[in-house]
Amino acid sequence: MAESKEPEEQDLKIVVSTKRLLRGLNRSVMVQADASYKVVWQGYPILLMGTTDKSQTFHPFVLAVCKGESKEDFAFIFRALHAYNPQWLPTILLGDACEAILAGFTLVFGPPLVRLMCYFH
């Protein structure tokens with residue numbers, strides 16, 4: 001239930017995953033995070049997190065629809081993943097130049113040991 005009827009004061013976070021996808025947390029110290037727009041007609045971004053194996057195959061952990069692309073949105077997802085598996089402590093972060101991804105990661109895990117930039121960005 002929203003505490004306010006003002007759209008800018010409301011929040012939206014829908015996080016979707018499966019137990020099978022979440023088992024991938026145990027096999028990776030790297031997390032890849034990004035947002036994509038123009039996927040849902042409401043205009044909300046889709047936030048996607050996962051990892052890549054040695055064969056360069058992407059394995060998603062979670063897909064989320066959030067009202068924005070803020071550090072709080074990314075931190076919420078990182079906290080949810082960490083709550084599911086408290087032993088998972090990623091040390092490598094791959095993403096684009098979005099500071100919200102880095103800030104959200106840092107809020108939950110501290111600064112990454114390695115920060116990688118996506119080649120295509």
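Please tell me the relative contact order of segment 37-76 in percent, rounded to the nearest whole number, where contacts are Cα pairs under 8 Å and at least six residues apart.
Result for segment 37-76 is 35 percent.
Over segment 58-121, with every protein chain in place, what whole percent of the accessible area is carbon and sulfur at 1.4 Å, could you tell me? Let's see the in-between values first.
On the way: 2300 of 3400 Å².
Answer for segment 58-121: carbon and sulfur cover 68 percent of the accessible area.
Might you report the magnitude of the Cβ-based charge dipole of the chain about its Cα centre, with Lys and Arg at +1 and Asp and Glu at -1, to the nearest 20 debye?
Values: 12 positive and 12 negative charges, 143 e Å.
Magnitude of the dipole: close to 680 debye.
Using a 1.4 Å probe and counting only protein heavy atoms, arrange K19, K13, K54 so the residue with the most accessible area comes first.
K54, K19, K13
Can you give the accessible area per residue of the chain, in Å², using a 1.4 Å probe?
65
What would the Debye equation give as log₁₀ I(q)/I(0) for segment 55-121 at q = 0.17, 0.18, 0.28 Å⁻¹, counting only Cα atoms as equal point scatterers?
After summing over all Cα pairs, the log10 values are -0.64, -0.72, -1.47.
Identify all lysines with a Cα-Cα distance to K54 below 26 Å; exclude those on the same chain that are fewer than 8 residues away in sequence.
Here the lysines satisfying the reach criterion relative to K54 are K19.
Taking Cα pairs under 8 Å and at least six residues apart, what relative contact order does the chain come out at, in percent?
Relative contact order comes out at 24 percent.
Where both partners of a DSSP beta bridge lie in the chain, what percent of those bridges are antiparallel, to the nearest 5?
Numbers: 16 of 23 bridges.
Counting only bridges with both partners in the chain, antiparallel ones make up about 70 percent.
Quick one: grab Rg to one decimal and Dmax as a whole number for the chain, Cα atoms only, in Å.
Rg and Dmax of the chain, Cα atoms, are 14.4, 48 Å.
Please determine, in degrees from 0 to 90 and to the nearest 10, the orientation of helix 71-84 with respect to the longest principal axis defined by the Cα atoms of the chain, where the helix direction is its Cα long axis.
60
Under the rule a/c < 1.5 gives rounded, and otherwise a/b versus b/c splits prolate from oblate, where does segment 41-93 land using the Cα gyration tensor? Before the final figure, lay out each step's value.
Working: a/c = 2.39, a/b = 1.35, b/c = 1.77.
Oblate.
Work from the charge dipole of segment 18-63 (Cβ charges, +1 for Lys and Arg, -1 for Asp and Glu, about the Cα centre) and give the residue of L22, P60, L47 farthest towards its positive end.
L22
Could you work out how far helix 99-109 tilts from the main Cα principal axis of the chain, as a 0 to 90 degree angle to the nearest 10?
The angle comes out at about 70 degrees.
The values are calculated or read from the model by the stated rules, or taken from the named source; none is laboratory data. Owing to the predicted nature of the structure, the values given are computational and were not obtained by experimental measurement. Please note: Cβ atoms are built from the backbone with ideal geometry, for glycine as well, and neighbour counts cover all protein chains shown. Quick note on the areas: whole protein, heavy atoms, side chains included, nothing else; ligands and nucleic acids left out. Shrake-Rupley method; radii C 1.70, N 1.55, O 1.52, S 1.80 Å.
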